[in-house]
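Enquirer: Structure incoming, see below.
We did not get these values from a lab; they are worked out from the coordinates using the rules stated. Predicted model, so just to flag it, every value in this text is computed and none were measured. Because the Cβ atoms are built from the backbone with ideal geometry, glycine has one as well, and the counts that use them run over all protein chains shown.
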Amino acid sequence: LIKIETVAGLREALSPFRKVDKRIGFVPTMGALHTGHLSLVELSKRASDVTVVSIFVNPTQFGPNEDFTKYPRTLEADATLLEIAGVDVLFLPSVVEMYPDGATTSINVGELATVFEGAIRPGHFDGVATVVAKLFNQVEPDLAFFGQKDAQQVAVLKKMVRDLCCNVEIVIGETARETDGLALSSRNRYLSATERKESSGICVTLVKVLGDVTAGKTLRLAVEDATRYFQTICPNATLDYLDIVVIETFRKMDSFNGVDKLLIVIAARFGSTRLIDNLVIDRPTIL
Ligand code: PAF
């Protein structure tokens, strides 16, 4: 595992591989790595000749009252996990390396960045799109790997890649889950024991919507019923949203309307910890 902190050093390390047409796979992360990240590394290892992982807690994607300063930083443990996983290059840029003095250009993908997560976290997706565009320019990967857990981030980045003709293929890894269904997230470590217990209700609620719609309930009724259900099984949590949307645009849907797959999305707060999750829902055959 080679650790590199500068863009110049990264380019120098990757250029021999590029010269002989090796496929570069890239997994961008903010560290505090868990099995979800490692499954993306695994996908990259299988599909690429060289795997690059970045760890950069990106300040521009955090709001002023969010957890930037307390976001878990576990560099030593992360590096050990990546070494064991067989990662070739670990890119660890500083904030100044990523945002040199006077850097003001940012990327905005439009309306998609303003709904759901974007409505609750204004500017978040501009920060994500901007840092990922920069990382793509620095790493120049053939393939880049992201987790389905952050479904709106995936939609934003796919749109950016298409709109800006980025020369990279985005590959999505399935959401990794705890045995009770809780989606793995670096933020799960903030949960108290009681919050952790209740937090499985997020996944249970998604599964209820899936089951109800598959059994023939209308999308709106399924969402309304599951909203009440969530509040009974997670009495100490606050639901930010529960809805059914188009996967690519996050437009709310009342029916499948010719589309084969939609996405159930949920976000809830357990104390000061915000968790998100989602589940793809196929058009029921009975409709
Ligand atoms: O998903 C994340 O960890 C981050 O949003 C990303 C893609 C690394 C950009 O900072």
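Enquirer: Does region 73-88 hold any residues that are part of a helix (DSSP H, G or I) and small (Gly, Ala, Ser), and which are they?
Expert: Answer for region 73-88, where residues must be part of a helix (DSSP H, G or I) and small (Gly, Ala, Ser): ALA77, ALA79, ALA85.
Enquirer: Could you list all residues from region 30-58 that are free of Cβ contacts under 8 Å to residues at least 40 places away in the same chain, more than 10 Å from the ligand (Cβ to nearest atom) and not in a strand (DSSP E or B)?
Expert: ARG46, ASP49
Enquirer: Could you list, in sequence order, the residues of region 151-176 that are under 14 Å from GLY36 (Cα atoms), part of a loop (DSSP other than H, G, I, E, B) and either in contact with a strand residue (DSSP E or B) (Cβ under 7 Å, 6 or more places away or on another chain) or among the aliphatic types (A, V, I, L, M) (or both)?
Expert: If the condition is that a residue be under 14 Å from GLY36 (Cα atoms), part of a loop (DSSP other than H, G, I, E, B) and either in contact with a strand residue (DSSP E or B) (Cβ under 7 Å, 6 or more places away or on another chain) or among the aliphatic types (A, V, I, L, M) (or both), then THR175, ALA176 are the ones that fit.
Enquirer: Picking from LEU90, LEU135, which residue would you name as being more than 12 Å from the ligand (Cβ to nearest atom), under 16 Å from GLU5 (Cα atoms) and surrounded by 15 or more Cβ atoms within 10 Å (Cβ to Cβ)?
Expert: None of the others qualify; the one that does is LEU90.
Enquirer: Restricting attention to region 5-29, which residues are in contact (Cβ under 8 Å) with a residue 60 or more places away in the chain, surrounded by fewer than 22 Cβ atoms within 10 Å (Cβ to Cβ) and over 24 Å from the mean Cα position of the chain (by Cα)? Before the answer, list the steps.
Expert: As a first pass, look at region 5-29 and keep what is in contact (Cβ under 8 Å) with a residue 60 or more places away in the chain: 5-7, 10-11, 13-14, 18, 23-28.
In the following step, the residues that additionally are surrounded by fewer than 22 Cβ atoms within 10 Å (Cβ to Cβ) were identified as 5-7, 11, 13, 18, 23.
Passing the criteria: THR6, ARG11, ALA13, ARG18.
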